[in-house]
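Asker: There's a structure below that I have some questions on.
The values are calculated or read from the model by the stated rules, or taken from the named source; none is laboratory data. Because the structure is predicted, anything quoted here is derived from the model rather than measured. Quick note on the areas: whole protein, heavy atoms, side chains included, nothing else; ligands and nucleic acids left out. Shrake-Rupley method; radii C 1.70, N 1.55, O 1.52, S 1.80 Å.
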Amino acid sequence: MSTLPSHVRIVEVGPRDGLQNEKQAVSAADKIALVHALQAAGLREIEVTSFVSPKWVPQMADNAQVMAGIQRRPGVRYSVLTPNLKGWEAALLTSADEIVVFGAASEAFSQRNINCSIAESIERFAPVAAAARAAGIKVRGAISCAVGCPYEGEIAPERVGLVARLMKEIGVQHVGVADTIGVGTPRKVQAALAQALQHYPLEEVSGHYHDTYGQALSNVYASLEVGISSFDTSVSGLGGCPYAKGATGNVATEDVVYLLHGLGLQTGIDLEALIDAGAAIRAALGQPNGSRVARALLAKRA
Ligand code: HMG
Ligand code: MG
């Protein structure tokens, strides 16, 4: 049996990846309350918002307001998405701790999501990464459609390796292998991770799995088996992607925490408090909870 990592890093992406896809308007106050509840539950890395065009993603138009409204806790890292220099400049004003440039392993998805080719995206990211590094801010990269694309279908793992190499060359310090539409299964996800690992060490590669086909938890386990110890997850399974029709949220944070604790792995997260955070945002949205673990434990409480 393989040895699993002893400690796992969870990056909570619900406020960004989750709420960017909400059809109804979500107030800045509700977003700020969600971040507060998440940090109270022990989350130490929170992806808060995106500095993208409000015409493309109106749900994130309150980015600066949300960042300004958070009562920051020492030891918590607040990250934001920055697709270009304009986004970076706006993010810098809000004292983000970490930024994320987001590219894709699929040309068609790159065009639909950020309106440029993969090569052009790297050209746009390069000055962003350089400026952030110069300011002492960590730069993460996301590689969307790492196993499948809504427009191109199956994606060869080598394409992930190519984008990882290009990101490495411009100074991106960490890459997230993203199954945007949740079509991946364990061996395919491991193949995509292996490509990223040709350019980054184990601790600088993370898994970002949407749960559209119900495979995300299996893919988390498959990633642990190859030594990956960092995952992006979304409380109560919030979310989807505005440029990937039918895509559902990321794997629920509660479900991943339950899995990890069951395996005896440390996360530093209080599962009950996390369930409260997910229940509160779902109540504010008037939606059922997307986490199986939360539903089970909430039923037990009642
Ligand atoms: P563009 O139209 O090519 O940009 O969009 P442009 O430079 O030509 O500018 C056009 C207009 O946008 C101008 O305004 C700019 O000022 C404005 P106008 O003169 O027309 O009034 N603009 C901006 N405004 C605010 N912030 C900015 C910004 N940049 C330009 N940063 C752009 C290119 C990337 C901006 C656009 O395509 C965009 O905003 N896309 C949003 C994509 C997005 O947020 N997708 C969801 C997040 S990614 C994701 O969910 C995947 C992930 O979770 C991993 C996974 O699951 O796969 C990370
Ligand atoms: Mg995503």
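Asker: Report ³J(HN,Hα) in whole Hz for each residue of region 23-37, in order, from the Karplus equation J = 6.51 cos²θ - 1.76 cosθ + 1.60 where θ = phi - 60°; Gly and Pro get x.
Answerer: 6, 7, 6, 10, 6, 4, 4, 5, 5, 5, 4, 5, 4, 4, 5
Asker: Rank P74, P15, P186 by mean-square fluctuation in a GNM of the chain with C-alpha springs under 10 angstrom and give only the top-ranked residue.
Answerer: With Cα springs under 10 Å in the chain, the top fluctuation among P74, P15, P186 is at P74.
Asker: Under a 10 Å cutoff between Cα atoms, tell me which one of A164, A252, A191 has the largest fluctuation in the Gaussian network model of the chain.
Answerer: A191
Asker: Something else now. Collect residues whose amide H, placed 1.01 Å from N in the peptide plane, falls under 5 Å from the amide H of I155; neighbours closer than 5 in sequence don't count.
Answerer: G148, C149
Asker: How high is the relative contact order of region 9-301? Use alpha-carbon pairs under 8 Å, at least six apart in sequence, and give a whole percent.
Answerer: 19
Asker: Right, here's the next one. What is the antiparallel percent of DSSP beta bridges lying wholly in region 9-301, to the nearest 5?
Answerer: Antiparallel: roughly 10 percent of the beta bridges in region 9-301.
Asker: Tally up the carbon and sulfur contribution to the accessible surface of the chain as a whole percent, 1.4 Å probe, everything protein left in place.
Answerer: 53
Asker: Count the lysine pairs in the chain whose Cα atoms sit under 22 Å apart, keeping only pairs 8 or more residues apart in sequence or on different chains.
Answerer: Qualifying lysine pairs in the chain: 10.
Asker: If you take the Cα atoms of the chain, find Rg, then find the Kirkwood Rh from the mean of 1/r over all pairs, what is Rg/Rh?
Answerer: Reported Rg/Rh, Kirkwood definition of Rh: 0.93.
Asker: Would you look at the GNM of the chain, springs on alpha carbons closer than 10 Å, and say which of A142, A104, A156 moves the most?
Answerer: Sorting by GNM fluctuation, first place goes to A156.
Asker: Same structure again: What length, rounded to one decimal in nm, is gained on full extension from K138 through to A33, with 0.36 nm per residue of separation minus their alpha-carbon distance?
Answerer: Extra length from K138 to A33 when fully extended: 35.3 nm.
Asker: Can you give me the accessible area per residue for the chain, using a 1.4 Å probe, in Å²?
Answerer: The answer is 40 Å² per residue.
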